1. Can you tell which of CYS108, MET81, ALA16 lies farthest toward the positive end of the dipole of the chain, using +1 and -1 charges on the Cβ of basic and acidic side chains (Lys, Arg; Asp, Glu)?
2. What residues qualify as long-range amide H neighbours of MET81, i.e. H under 5 Å apart, gap of 5 or more or another chain, H built at 1.01 Å from N?
3. Give the residue from ILE71, HIS35, GLN4 lying farthest towards the positive end of the charge dipole for the chain; charges sit on Cβ (+1 for Lys and Arg, -1 for Asp and Glu) and the dipole is referred to the Cα centre.
4. Name the shape class, rounded, prolate or oblate, that the alpha-carbon gyration tensor gives for the range 1-59, where a ≥ b ≥ c are the square roots of its eigenvalues, rounded holds for a/c under 1.5, and otherwise prolate holds if a/b is larger than b/c and oblate otherwise.
5. Counting only pairs 8 or more residues apart or on different chains, how many lysine pairs in the chain have their Cα atoms under 16 Å apart?
6. Among (1) 13, 30, 27, 23, 6, 0; (2) 15, 54, 29, 1; (3) 15, 50, 32, 2, which is the computed P(r) over Cα pairs in 10 Å bins from 0, in percent?
7. What is the magnitude of the charge dipole of the chain about its Cα centre, with +1 placed on the Cβ of each Lys and Arg, -1 on the Cβ of each Asp and Glu, and no other charges, expressed in debye to the nearest 20?
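We did not get these values from a lab; they are worked out from the coordinates using the rules stated. Being a predicted model, the structure only gives us computed values, none of them experimental. Neighbour counts are summed over all protein chains in view; Cβ atoms, including those assigned to glycine, are modelled from backbone coordinates with ideal geometry.
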Amino acid sequence: MSYQNKEVLVAIFAQAWRTLNPELIIENLDESFRHDSQWVLEYLDYHGYIDYIRGKFHAIKRRNAGVKVEIVPDPYQGGNMLALTQGSSTVFYRIQVKDWKVVKGDLCAF
């Protein structure tokens, strides 16, 4: 994986969260994509994540509940990741990239 490729995709994901446009994320997912969350026992596959992220962004827009988005260093995988803050809660979103597509997303508290 090229860190340059990952950094471009992290920036695209940040823009998606800032504008609440799920299509920016969806168009960059590999069909083998897997989403894991520290708060959910089962992972989401490509199709499940598409439904999830569209619903999530729609709910945020409907509630007018803004999300502060920052690109921050990833001390565990190298490169950068997203820090997403709503209210007083911050979570981190890491991606793994293969051949210019996102194959893995991890949502966690650290």
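1. ALA16
2. Amide H neighbours of MET81: VAL72, ASP74.
3. The listed residue farthest towards the positive side: ILE71.
4. Oblate, because a/c is 1.5 or more while a/b does not exceed b/c.
5. 4
6. Here the calculated entry is (3).
7. The dipole magnitude comes to about 440 debye.
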